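Remarks on the structure that follows.
The values are calculated or read from the model by the stated rules, or taken from the named source; none is laboratory data. For clarity, every value in this text was computed on a predicted model and none was experimentally measured. We place every Cβ from the backbone using ideal geometry, glycine too, and count neighbours over all the protein chains shown.
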């Protein structure tokens, strides 16, 4: 995928999380191609469904359900056939193992190509060990004159789509995992920030640049930050990194950073930005353990100003003296909290002795940070 197409995908691709596509999906005709048989024996229960007569759209068979255990192998038998005439086509089956309401490419458990009449297709698969416990769905689709891979939400003339109920057992309880989407992101409350996670379980695909699972972080830059630097260097897989504002506009993205191979890193300015989402995912269907690092460059630390504020002693253990052009200065903690305002026409000494040790900034009323102050005790 080119960078231009990738950026276009970032801007315009959206997905409805948590609700299966059932409207305007599947065949618009009941003639010809149709799934004739679906069979599976679970850890509890079994499905033995015989198709025909054909049904328009998605056939809701979720009342037919089996329990499958994470980490265990199973056999799904499907007879891709017809209710009337015989025509070439393709078929595919998926189970929504991560329960995100989507049948993602990495959840495909078997495909078929042929012209009925054909023998039963035997799909041997293993439920991922990190599949999420709970109730989900299996979708079986046949499309006449189609091609693989199938779009599980596609609309076409002849074929069939049917959904069955699946309950996952012995898997992972994902109720405590944050960051699966924009609704429940991981909050970055202070910098520098480091977080190590694994997106191969309890996370689904909601940022459709690539089909891999993604993890959302939310960050609100404070007024003292000029640039934010984000890195996935050292991660265990080929990563992709993107930043979006609250309206879904792309601020920055990176596939392969030059300084860390197939891992990603980027920097973006924060002027005029409110809160942003920092999104971690894999290239293609890559997934695994990663370490996310976020740091900031602060306004004024690398800049020279014609009207320089002199603060001394610095570092200080309490009182600092100002040698400053007249004007109003505001004192900030490094986390962006405004602490006090001073008029240098009236005072040239500031008492910081009641504050906790750390890093502080003095900022002019025009918004220019003139000096960093280190308080030690």
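General remarks:
- Among (1) more than 27 Å from residue 19 (Cα to Cα); (2) surrounded by 16 or more Cβ atoms within 10 Å (Cβ to Cβ), the one test that residue 95 misses: (1)
- Failed item, numbered, when residue 148 is tested on (1) assigned to a loop (DSSP other than H, G, I, E, B); (2) surrounded by 15 or more Cβ atoms within 10 Å (Cβ to Cβ): (2)
- Residue 59 in contact with a strand residue (DSSP E or B) (Cβ under 7 Å, 6 or more places away or on another chain), part of a loop (DSSP other than H, G, I, E, B) and buried (at least 16 other Cβ atoms within 10 Å of the Cβ): no
- Considering the conditions (1) crowded, with 21+ Cβ neighbours inside 10 Å; (2) at pLDDT below 95; (3) on the phi < 0 side of the Ramachandran plot; (4) not assigned by TED's automatic domain parsing to the domain that holds residue 77, residue 216 is excluded by exactly one of them, (2).
- Among the residues making up the stretch 184-201, those that are assigned to a loop (DSSP other than H, G, I, E, B) and either in contact with a helix residue (DSSP H, G or I) (Cβ under 7 Å, 6 or more places away or on another chain) or touching a residue at least 40 places away in the same chain (Cβ under 8 Å) (or both) are 185, 190, 191, 192, 199, 200, 201.
- Condition check for residue 110: farther than 20 Å from residue 82 by Cα, in contact with a strand residue (DSSP E or B) (Cβ under 6 Å, 6 or more places away or on another chain) and at pLDDT 95 or above: no
- When residue 162 is tested against (1) within 30 Å of residue 41 (Cα to Cα); (2) modelled with pLDDT of 95 or more; (3) surrounded by fewer than 16 Cβ atoms within 10 Å (Cβ to Cβ), just one condition goes unmet, and that condition is (3).
- Residue match in the stretch 174-181 (condition: part of a loop (DSSP other than H, G, I, E, B) and in the same structural domain as residue 292 (by TED's automatic domain parsing)): no
- Those residues of the stretch 132-156 which are touching a strand residue (DSSP E or B) at 6+ places or on another chain (Cβ under 7 Å) and either without any contact (Cβ under 8 Å) to a residue 24 or more places away in the chain or not assigned by TED's automatic domain parsing to the domain that holds residue 29 (or both), in sequence order: none
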